[in-house]
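Engineer: Dropping a structure here in structure tokens format, bear with me for questions.
The values are calculated or read from the model by the stated rules, or taken from the named source; none is laboratory data. Model, not experiment: these values are computed from the prediction. For neighbour counting, all protein chains shown are included, and Cβ atoms are generated from backbone atoms with ideal geometry for every residue, glycine included.
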Amino acid sequence: MFRPLLRLQPPLHPQITRRIWTLSTTPPLILAPVVFTGLTLTLWSYKCLMMILFQSRIIYMPGIPLGARTEKISDYSAYCRGIRWKEGKIHVDDGTVLATASATVNNSREKEKELVVVYFQGNASSTPPRLPRLSSILASLPCATTMVIPSYRGYWFSTGRPSQRGIERDLAAIFKHLREDFGGADKGIVLWGQSIGCGILMEGLAKYPLPNVTALVLETPFVSIEEMLKALYPQKWLPYRYLGWALWNRWELLVALKRILSRGWRGQVLVLQAGGDELVPAEQAGKIAEFAREAGVPVAEEKVEGALHVECMAKPRGRKAVVDFLGRIHRDIQWR
């Protein structure tokens, strides 16, 4: 009797067979959109994840342009109008060492109270390239003035890596330095921030108040990192504008300003807006100015026509606005 050597067996996993059969017979008109949608969602998810994980590297750019961290004051001294800048250091409690630059001019013939201007830079580059324009401001002031420029961790010669948590520790050391060296009644302090530096100085003043801070200069300020995220990605169908919940770098300027005003601070404020700002929407500077004005703070606003985000001090109108404002503050502190 004939017996087959092999007996046909049914497939062990019939559902796999059906799945393969279903995929292989899917009409191209349906398959193409499904694959395209899947790839798009995957790429969006990947970019969102990278933006969250590497947000500090995206926000803080101390190495741009190439070589920014190795530049020296001497590289720009020929363009500083005779102002002599010197390097210094501030030590933070976690071992970080902050580099500083400072200069003093005495353009007054009489003994009077000194104006101290503390400059908080934006998110890119380092201190030396900013010195020629800041020197122009110092040289134009008709009064005794000291300017101090602290570099956040990771910037210029400062050690460490920048992040909001780290920079907040820097602020504790910076404001301690200001209190010890410039906290006397014979000095009036003006805090000057550019771009993200406006939010940084606000956070510092909110946490470490100084009684002799008499004025603020806010150059191209923005409300918060979250609001800038929405401004950079205005399309509502893009997922990136909705990542505010995942930010640990926030720099909420209005929140900090509200805390400052709640303690009764009513110094003067200058808000500088770049007329051709390619990054910060015009309404953000207006919102900050209006918030302070409603709280009873004297606010001066100046729009520098033709200036891009970092060009307010490159334009004569921007420099004049700052010089006039600082001169007015200096006259005011003589009567206090």
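Engineer: Give the residue that is farthest from the chain's Cα centre (by Cα), with candidates limited to residues of the range 82-95 that are more than 27 Å from residue 251 (Cβ to Cβ) and surrounded by fewer than 13 Cβ atoms within 10 Å (Cβ to Cβ).
Structural biologist: 82
Engineer: For the range 241-261, check the following and say yes or no: at least one residue is assigned to a loop (DSSP other than H, G, I, E, B) and in contact with a Leu (Cβ under 7 Å, 6 or more places away or on another chain).
Structural biologist: Filtering the range 241-261 for residues assigned to a loop (DSSP other than H, G, I, E, B) gives 247-252.
Narrowing the set further to residues that are in contact with a Leu (Cβ under 7 Å, 6 or more places away or on another chain) leaves none.
No, there is no match, as no residue in the range 241-261 is assigned to a loop (DSSP other than H, G, I, E, B) and in contact with a Leu (Cβ under 7 Å, 6 or more places away or on another chain).
Engineer: Moving to a separate point now. Specify the residue that is nearest to residue 207 (Cα to Cα); the eligible residues are those in the range 134-165 that are under 20 Å from the mean Cα position of the chain (by Cα) and surrounded by fewer than 19 Cβ atoms within 10 Å (Cβ to Cβ). Show your work before the answer.
Structural biologist: As a first pass, look at the range 134-165 and keep what is under 20 Å from the mean Cα position of the chain (by Cα): 134, 147-165.
After this cut, where a residue has to be surrounded by fewer than 19 Cβ atoms within 10 Å (Cβ to Cβ) as well, the list is 157, 159, 161, 165.
On the way: 157: 25, 159: 23, 161: 22, 165: 13 Å.
Among those residues, the one meeting the criterion is 165.
Engineer: Taking the options 218, 191, 205, 210, name whichever one is assigned to a helix (DSSP H, G or I), touching a residue at least 24 places away in the same chain (Cβ under 8 Å) and in contact with a helix residue (DSSP H, G or I) (Cβ under 8 Å, 6 or more places away or on another chain). Explain how you work it out, then say what you get.
Structural biologist: On the way: 218 fails: assigned to a helix (DSSP H, G or I); 191 fails: assigned to a helix (DSSP H, G or I); 210 fails: assigned to a helix (DSSP H, G or I).
Matching residue, one of 218, 191, 205, 210: 205.
Engineer: Also, quick follow-up: Would you check if there is a residue in the range 109-121 being modelled with pLDDT of 95 or more, aliphatic (A, V, I, L, M), in contact with an Asp or Glu (Cβ under 7 Å, 6 or more places away or on another chain) and assigned by TED's automatic domain parsing to the domain that holds residue 279?
Structural biologist: Checked against the condition, which is being modelled with pLDDT of 95 or more, aliphatic (A, V, I, L, M), in contact with an Asp or Glu (Cβ under 7 Å, 6 or more places away or on another chain) and assigned by TED's automatic domain parsing to the domain that holds residue 279, the range 109-121 yields no hits at all.
Engineer: Go over the candidates 292, 282 one by one and state the one that is under 28 Å from residue 188 (Cβ atoms) and not charged (D, E, K, R). Give the derivation first.
Structural biologist: On the way: 282 fails: under 28 Å from residue 188 (Cβ atoms).
Only one candidate passes the filter, namely 292.
Engineer: Same structure, new question: Taking residue 185, is it farther than 20 Å from residue 310 by Cβ and in contact with a strand residue (DSSP E or B) (Cβ under 8 Å, 6 or more places away or on another chain)?
Structural biologist: Numbers: farther than 20 Å from residue 310 by Cβ: yes; in contact with a strand residue (DSSP E or B) (Cβ under 8 Å, 6 or more places away or on another chain): no.
Criteria not met by residue 185.
Engineer: Quick one: is residue 162 closer than 28 Å to residue 296 by Cβ, out of contact with any strand residue (DSSP E or B) (no Cβ under 6 Å at 6 or more places or on another chain) and assigned by TED's automatic domain parsing to the domain that holds residue 63?
Structural biologist: Values: closer than 28 Å to residue 296 by Cβ: no; out of contact with any strand residue (DSSP E or B) (no Cβ under 6 Å at 6 or more places or on another chain): yes; assigned by TED's automatic domain parsing to the domain that holds residue 63: yes.
Judged against the criteria, residue 162 is not a match.
Engineer: Hey, among 236, 187, which residue is modelled with pLDDT under 95 and closer than 27 Å to residue 318 by Cβ? Spell out the reasoning first.
Structural biologist: Values: 236 fails: closer than 27 Å to residue 318 by Cβ.
The match here is 187.
Engineer: Further, regarding this structure: With the requirement that a residue be buried (at least 20 other Cβ atoms within 10 Å of the Cβ) and among the aliphatic types (A, V, I, L, M), what does the range 207-227 give you?
Structural biologist: 213, 215, 216, 217, 218, 223, 225
Engineer: Scan (1) under 19 Å from residue 192 (Cα atoms); (2) surrounded by fewer than 20 Cβ atoms within 10 Å (Cβ to Cβ) for the single condition residue 283 breaks and write down its number.
Structural biologist: (1)
Engineer: Name the residue that is farthest from residue 131 (Cα to Cα), counting only residues in the range 305-336 that are part of a helix (DSSP H, G or I) and under 22 Å from the mean Cα position of the chain (by Cα).
Structural biologist: Of the range 305-336, the ones part of a helix (DSSP H, G or I) are 312-314, 316-333.
Subset that is under 22 Å from the mean Cα position of the chain (by Cα): 312-314, 318-319, 321-322.
On the way: 312: 14, 313: 11, 314: 12, 318: 16, 319: 13, 321: 18, 322: 15 Å.
Result: 321.
Engineer: Looking for something in contact with a helix residue (DSSP H, G or I) (Cβ under 6 Å, 6 or more places away or on another chain), under 21 Å from residue 329 (Cβ atoms), crowded, with 16+ Cβ neighbours inside 10 Å and assigned by TED's automatic domain parsing to the domain that holds residue 113 - is there at least one such residue anywhere in the range 236-251?
Structural biologist: no
Engineer: Going by the conditions given, is residue 267 surrounded by fewer than 16 Cβ atoms within 10 Å (Cβ to Cβ) and either over 28 Å from residue 44 (Cβ atoms) or not acidic (Asp, Glu) (or both)?
Structural biologist: Values: surrounded by fewer than 16 Cβ atoms within 10 Å (Cβ to Cβ): no; either over 28 Å from residue 44 (Cβ atoms) or not acidic (Asp, Glu) (or both): yes.
Spelling it out, it is not the case that residue 267 is surrounded by fewer than 16 Cβ atoms within 10 Å (Cβ to Cβ) and either over 28 Å from residue 44 (Cβ atoms) or not acidic (Asp, Glu) (or both).
Engineer: So residue 302 ticks every box in (1) outside any helix (DSSP H, G or I); (2) more than 25 Å from residue 260 (Cβ to Cβ); (3) not hydrophobic (A, V, I, L, M, F, W, C) but one. Which box is left unticked?
Structural biologist: So the condition that residue 302 fails would be (2).
Engineer: Which residues, counting only those in the range 173-192, are surrounded by 16 or more Cβ atoms within 10 Å (Cβ to Cβ) and either outside the structural domain of residue 90 (by TED's automatic domain parsing) or not aromatic (Phe, Trp, Tyr) (or both)? Step through it out loud before you land on a result.
Structural biologist: Let us first name the residues in the range 173-192 that are surrounded by 16 or more Cβ atoms within 10 Å (Cβ to Cβ), namely 173-179, 182-183, 187-192.
Result: 173, 174, 176, 177, 178, 179, 183, 187, 188, 189, 190, 191.
Engineer: Could you please let me know if residue 261 is within 18 Å of residue 215 (Cβ to Cβ), among the aliphatic types (A, V, I, L, M) and modelled with pLDDT of 95 or more? Reasoning before the result, please.
Structural biologist: On the way: within 18 Å of residue 215 (Cβ to Cβ): yes; among the aliphatic types (A, V, I, L, M): yes; modelled with pLDDT of 95 or more: yes.
Criteria met by residue 261.
Engineer: Could you list, in sequence order, all residues of the range 304-334 that are buried (at least 17 other Cβ atoms within 10 Å of the Cβ) and either β-branched (Val, Ile, Thr) or out of contact with any Leu (no Cβ under 8 Å at 6 or more places or on another chain) (or both)?
Structural biologist: 304, 307, 310, 311, 315, 319, 322, 323, 329, 333
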